[in-house]
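Input: a single structure, listed below in structure tokens.
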Amino acid sequence: MDLEDELRAAMVEHVADASAPATLAGDVRGRYRRRVARIRVALGVGAAAVVAVAIIPGYQSFRAGQVSTPAASDGPAGRGGPDEPGRAMPQPVPSRTSGAPAPVPSRDIGGTESPRPLLSHPPGQGGPDGPSGDGGPAPGWMTYLPSGLRALRPCAELEKGGRRTTNCRWSGTNGWVEVHITRGSGLAGPGDVIDGAPTAGGTPVAGKDRVHGHPAVTTDRPDRGRQIAWVERPGVGILVLVGPALRDELLTVAEGVRP
Amino acid sequence: MGRRDDQSFVEFVAERGTALMRTAVLMCGSRQDAEDVLQTALEKAYRHWGRLDPESDPEPYVRRILVNLMISRARRWKVLREIHMARPPEVPADPENHALELRGALMDELRRLGPRQRAVLVLRYWEDLSEMETAEMLGCSVGTVKSQASRGLARLRQRLGGSLTLMGG
């Protein structure tokens, strides 16, 4: 017997007991159906991902445009969508581009003139497009506000003990934000800013924060709000206060204060 | 002209499944691999079953898928397969059991051949295909089939030299 015949015999012997399972056709068809289902699911997921990638940036930019600072061009109450949920992305206050009266430049805040409202229209009379009692557009140095807040009155300046303080407040259904900018000598650190503020006090919060790279002190307020103070530069101290509902936004708001 | 349907697929598998399974076992070496490769081959054929000519025999088409699958899979798994490959016995066997052991050693050596050489030998000596048909099945020339078969047999002869002499081969 030569090798070829031996090979044939070996093959016959080797596969003598091999047979296809009775369920082979059913297994194959089941496998095919599972494969088709997998492909369809993968295609569906891929299509959903493509749609999400296409839609989300547009949606985000739409939401980013909903910062509800009291821009005069937004309507009688200066509303920019206060009812929209969520927070707006930090961005320049729309009043800068809305054709509303220009905000007071930062150099005017610490000027030497007598105390006056910060905004370009006097309190109680409303701005060119706003009703009486409207706080008008936010100052230019306030580059971010959580959505749903508006100023009910213009920022005001107070002078006391050789220090000039600019006080601004925005409020709405989502809570409230206050910013106090103090200018004067003797402001060496965040403690000086807090001590000199009318809303001083509170419990220090553990951990150290920094705003614009400067050391800051965060404290919890008795009303469960929170405040943060820092010295922006020699002679300029800033205190930012937020209501209980906006505690988590404190740092973001603080970063948006750029006098 | 009609189209092939599910029922004809079931009938084909029932009729030719075992033959295809045996070819797959010889080409793959192990029963589990053979069953998996056969299922994959049949699934590929099933995908295009409706487009196959109902008048022609689908078996060569399915077998061609099977052979191509086995060759490509064997190349992918070459390293693992070599590690798990059983070695033929080094000690001469008892002459009475020699034929039996020689066949076992032949199958072991067949599995150790490259996938293409193994496919050529299986198609030529198991399926009894001509060199022309084998070449067509593998998508190569007749000359390639001849040389692959010749080299495959030479390698088997070389590795089993002593045993074959005892058999007078």
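Each value in this text was obtained by applying a stated rule to the coordinates, not by laboratory testing. Note that the structure is predicted; figures quoted are calculated from it, not measured. Note that we place each Cβ from the backbone using ideal geometry, even for glycine, and neighbour counts take in every protein chain shown.
With the gyration tensor restricted to C-alpha atoms of the stretch B:1-84, the semi-axes of the equivalent ellipsoid amount to 27, 12, 9 Å, longest first. Computed from backbone phi, the HN-Hα couplings of the stretch B:9-23 come to 5, 4, 5, 4, 5, 5, 7, 10, x, 5, 4, 5, 4, 5, 4 Hz, rounded to whole numbers (Karplus: 6.51 cos²θ - 1.76 cosθ + 1.60, θ = phi - 60°; Gly and Pro given as x).
Spin-label pair B:GLU15-A:SER19: with each label point 7 Å from Cα along the Cα-Cβ axis, the two points sit 1.9 nm from one another.
Of the residues B:ALA34, B:LEU52, B:GLN7, the one whose Cα sits farthest toward the positive end of the charge dipole of the stretch B:1-84, with +1 on the Cβ of Lys and Arg and -1 on the Cβ of Asp and Glu, is B:ALA34. Within the shell defined by Cβ-Cβ distances under 13 Å, the residues around B:ARG16 carry a net charge of -3, with Lys and Arg each +1 and Asp and Glu each -1. Once the Cα-Cα distance is subtracted from the 0.36 nm per residue extended length, the A:ARG153 to A:ARG38 segment shows a gain of 35.3 nm.
The H on the amide N of A:ASP209, modeled in the peptide plane, is under 5 Å from the matching H of A:ALA216, A:THR218, each at least 5 residues off or on a different chain. Could you tell me the distance between the Cα centroids of the stretch A:1-42 and the stretch B:6-60, to the nearest Å? Using only Cα atoms to place each centre, the spacing works out to 7 Å.
For the pair A:ARG8 and A:ARG233, the difference between a 0.36 nm per residue extended length and the Cα-Cα distance amounts to 71.5 nm. Across the stretch A:150-164, rounded Karplus estimates of 3J(HN,Hα) from the backbone phi angles (6.51 cos²θ - 1.76 cosθ + 1.60, θ = phi - 60°) give 8, 8, 7, 8, x, 5, 10, 10, 10, 10, 7, x, x, 10, 10 Hz, Gly and Pro being marked x. Each residue of the stretch A:244-255 was assigned a 3J(HN,Hα) from its phi angle through the Karplus expression (A = 6.51, B = -1.76, C = 1.60, θ = phi - 60°), giving x, 6, 10, 4, 6, 9, 4, 5, 5, 4, 4, 5 Hz with x at Gly and Pro. Per-residue Cβ neighbour counts within 10 Å put A:HIS14, A:HIS214 in the sequence A:HIS214, A:HIS14, beginning with the fewest.
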